[in-house]
Amino acid sequence: MSTETKKYSIGMHPALPPPSGTVGPVRWMRDNLFSSTSNTLLTLIGLYLVYIIVPPFIEWAFIDSVIFGAESRKECLKIMGDDRGACWSFVYKRWGQFVYGFYPVEERWRVNVGFILAALTIAIVLIENLRAKKPLIIAALAFPIISFFLVTGGSFGLAEVPTNKWGGILLTLIVGFTGIFVSLPISIMLALSRISKLPIFSFFATIFIEFIRGVPLITLLFIASTLLSYFLPPGSNFDLLLRVLIMVTLFSAAYIAEVIRGGLAAIPTGQYEAADALGLSYWQSMRLIILPQALKISIPGIVGSFIGLFKDTTLVVIIGLLDPLGIGMAAISTTEWAGLSTELYVFIGLFFFIFCFSMSRYSLHLEKKLHTGHK
Amino acid sequence: MSGIQIQEKKTVTLGSIWRDKKSRGVILQIIAVIGILLFLGNIFSNTVENLDRLGVKVGFDFLDEPANYDINQTLIDYDSSDSHFKAGVVGLLNTLLVAACGIVVATIFGFTAGVLRLSNNFVLSRLMQVYVELTRNIPVLLQILLWHGIIIHSLPVPKKAEAFVEGVFLTNRGVFLPQPIPQEGFGWVWIALFLGIVIAIAFKRYANKIQIETGKLLPAIWVGVSVVIGLPLIVFLLLGTPVEISYPALKGFNFKGGFVVKPEFMALWFALSIYTGAFIAEIVRAGIQSVDHGQTEAAHALGIRPNFTMRLVVIPQAMRVIIPPLISQYLNLTKNSSLAIAIGYMDLVATIGGISLNQTGRALESMGIVLSVYLFISIVISLLMNIYNKRVALVSR
């Protein structure tokens, strides 16, 4: 009776491990990868796609590539020998231009300080639960102004740097951030006008928004480069960058206005009525009740527009401003680096991807955090 | 209320007018109108003065002058002695062509990626996620340039090109395809095609009626497809194949004959489709997810098979959510096609707004034309969308 099984009273038997094949990686693979013939086929096709794209790309971009020690494409090819990889040397050689454009080398510290201030501003805006909010907010408002004076120069004993020397990532950031921050107040006004009960206001706001949204940005940039000088008083000479900034601001204002309008539409009528019942004036009710809620809902959408705008800053290259793409195109049109277009586009693409992807992740995070309502 | 009080007291002061909501609204609007008119008037007088000072004429007479430039892809007959107006029409047709082709392919990409993104298959859903995130977060201009670069640099020159399939050559001057040239009598084939479509629609209606009355399913799709394809084919064969095929043949440095798809067009088409497809994928995903899971479960409980559940229950409900943003993506694609100018595809912006503008110096008129065409397109599309939205709007009890 040595093999007699131990007896348990009813319901006291300890849980047995599940049969093999119903849990763990095997089960997971069976469920998610090989659940049916067609699914298996799709998995294999997918894996094959990964196999033909990823290893060759890694080999091209990293293993066989050349970064240092080449002065021209020819030298790159010499170093690489038979393995044809990417030649990143031009990025390395012209890194300064990619970041600052043709900003004078001895003045670049000003841009660096500006970058640091911008980073601090962003940190203040993004990091939640900071103590001493008020001085920090004042700092966040002051930093962009300080950066502006630093980068343009011409005052406080700093040498003036004309805007046609600006370029590279500096230019992208200036166009992107000016576009978004200057356009915010304009877009709030536009959204309020558009839903206003006063017909003239909503009429003009609608016309403006629909006009801007109906035409491609590139035509607006052409207007900035060719037509805007016609519209301004004779003799006034506007700098091209400023004209572009005006157009980009109006462009993003129209798009953000639509986002905010969506936010305003999502506020229940009861909120408007409650504000009226409290005897608040129009501006009081907007400032204290409606806009805080509407803007909160709109933030993910505004970040989305910002990502769009940031990507669209590349279009300035078509009207001759030297953003990173323009700098790179100038580089690969020289005899030393001719023919490196793929490397250039991949490099610039990576730059934009890092920026835009992290912003879109942040917007997702915000969306979750701000979702305080019941659902 | 306050209006009545004013009438009773009859003391209309500036303050009381300002405090009254209605009259204040009127005042504000009058101020706004005056402000906007002053602004526009100022711009107008500036423009007139500037044009006067520069000695630039205003008018659309330049449209009749010969354009004096070539366009590398034309859908209608065009040569450099034709007018600027015709050049603009060629450009507009090129814009519409790439937009239409892009919309078709972007929709296919987007729906495929959006549905696969939700599939249980881990590898595929991750792959689609990578596709969506990668293309959405890289500027479309860069993608256009990248594809153009790949086509120009990695495809062989025409001399070294080998036939991909019989008569098809992939070269860096474009893709050369055999072109069927319709001969006399080909018109009957078109008529047969039209008839086939009419019959297919009629049969589909009949099949629906039968299904509603008796529950019997007629193979409407198969009948429709075979009629639409078969009828023209029979007519075509009966007429003795009235088509001559022109094969591309290497002459000198390039192919002659056949039909060529230019690399600029391909790059633009590819890039726009892939870029917009990623956005459409997200829209489709959101649309499908917006359909309550109970719908799927109910369909399964009724014994409807999974693919039919998708086709007959989920997708129709998701479409209401999908269509409006989908249309605005189509509009975006059309507007983004203006980036053609970066790779030298001659669209509306590159012809009228580019070369014609530079040749004639008529910046105001040229940009005016370009802007109004784009506005016209987007207004038409948004009107159609409004009609659709009204039709599918959820009727709540």
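Run down B:VAL260, B:VAL227 and say which single residue is part of a helix (DSSP H, G or I) and surrounded by 14 or more Cβ atoms within 10 Å (Cβ to Cβ). Checking each option against the conditions leaves just B:VAL227.
From the residues in region B:75-95 that are touching a helix residue (DSSP H, G or I) at 6+ places or on another chain (Cβ under 7 Å) and not in a helix (DSSP H, G or I), which one is surrounded by the most Cβ atoms within 10 Å (Cβ to Cβ)?
Filtering region B:75-95 down to residues touching a helix residue (DSSP H, G or I) at 6+ places or on another chain (Cβ under 7 Å) leaves B:75-76, B:78, B:83-85, B:87-88, B:90-92, B:95.
Narrowing the set further to residues that are not in a helix (DSSP H, G or I) leaves B:75-76, B:78, B:83.
Working: B:LEU75: 13, B:ILE76: 9, B:TYR78: 21, B:SER83: 16.
Among those that are touching a helix residue (DSSP H, G or I) at 6+ places or on another chain (Cβ under 7 Å) and not in a helix (DSSP H, G or I), it is B:TYR78.
Summed over region A:263-291, residues that are touching a Ser or Thr at 6+ places or on another chain (Cβ under 8 Å) and surrounded by 14 or more Cβ atoms within 10 Å (Cβ to Cβ) total 3.
Regarding region A:34-47, can at least one residue be identified that is assigned to a loop (DSSP other than H, G, I, E, B) and among the small types (Gly, Ala, Ser)? Yes, region A:34-47 contains a residue that is assigned to a loop (DSSP other than H, G, I, E, B) and among the small types (Gly, Ala, Ser). Put simply, of B:GLU264, B:GLU282, B:GLU213 the only residue that is closer than 28 Å to B:THR74 by Cβ and of a type in the set (Asp, Glu) is B:GLU264.
Residues in region B:141-154 that are touching a Pro at 6+ places or on another chain (Cβ under 8 Å) and without any contact (Cβ under 8 Å) to a residue 40 or more places away in the chain: none.
Among the residues of region A:336-371, those that are in a helix (DSSP H, G or I) and of a type in the set (D, E, K, R) comprise A:GLU343, A:ARG361, A:GLU367, A:LYS368, A:LYS369. Looking across region A:310-368, just one residue is on the phi > 0 side of the Ramachandran plot and either buried (at least 18 other Cβ atoms within 10 Å of the Cβ) or more than 10 Å from every other protein chain (Cβ to nearest Cβ) (or both), and that is A:GLY320. Residues in region B:113-132 that are in contact (Cβ under 8 Å) with a residue 60 or more places away in the chain and either at the interface with chain A (Cβ under 9 Å from one of its Cβ atoms) or of a type outside the set (Lys, Arg) (or both): B:ALA113, B:GLY114, B:VAL115, B:LEU118, B:MET128, B:TYR131, B:VAL132.
Quick check, is B:LEU394 at negative phi, aliphatic (A, V, I, L, M) and at pLDDT 90 or above? For B:LEU394, the condition - at negative phi, aliphatic (A, V, I, L, M) and at pLDDT 90 or above - is not met.
Residues in region B:148-166 that are more than 9 Å from chain A (Cβ to nearest Cβ) and either within 16 Å of A:PHE357 (Cα to Cα) or surrounded by 18 or more Cβ atoms within 10 Å (Cβ to Cβ) (or both): B:ILE151, B:LEU155, B:PRO158, B:ALA161. Scanning region A:23-35 for residues that are polar (S, T, N, Q) and surrounded by fewer than 10 Cβ atoms within 10 Å (Cβ to Cβ) turns up nothing. Quick one: would you say B:THR276 is more than 22 Å from the chain's Cα centre (by Cα) and surrounded by 18 or more Cβ atoms within 10 Å (Cβ to Cβ)? For B:THR276, the condition - more than 22 Å from the chain's Cα centre (by Cα) and surrounded by 18 or more Cβ atoms within 10 Å (Cβ to Cβ) - is not met. Here the helices (runs of 4 or more DSSP H) wholly within region A:52-125 that include at least 1 residues being among the hydroxyl-bearing types (Ser, Thr, Tyr) are A:89-93, A:95-100.
Answer yes if at least one residue in region B:20-33 is closer than 26 Å to A:GLY279 by Cα, more than 10 Å from chain A (Cβ to nearest Cβ) and not in a helix (DSSP H, G or I), and no otherwise. Within region B:20-33 (the criterion being closer than 26 Å to A:GLY279 by Cα, more than 10 Å from chain A (Cβ to nearest Cβ) and not in a helix (DSSP H, G or I)), the answer is yes, since at least one residue qualifies. Among the residues examined, B:VAL98 does not qualify as at pLDDT 90 or above, more than 9 Å from chain A (Cβ to nearest Cβ), surrounded by fewer than 19 Cβ atoms within 10 Å (Cβ to Cβ) and at negative phi.
The values are calculated or read from the model by the stated rules, or taken from the named source; none is laboratory data. Owing to the predicted nature of the structure, the values given are computational and were not obtained by experimental measurement. Please note: Cβ atoms are built from the backbone with ideal geometry, for glycine as well, and neighbour counts cover all protein chains shown.
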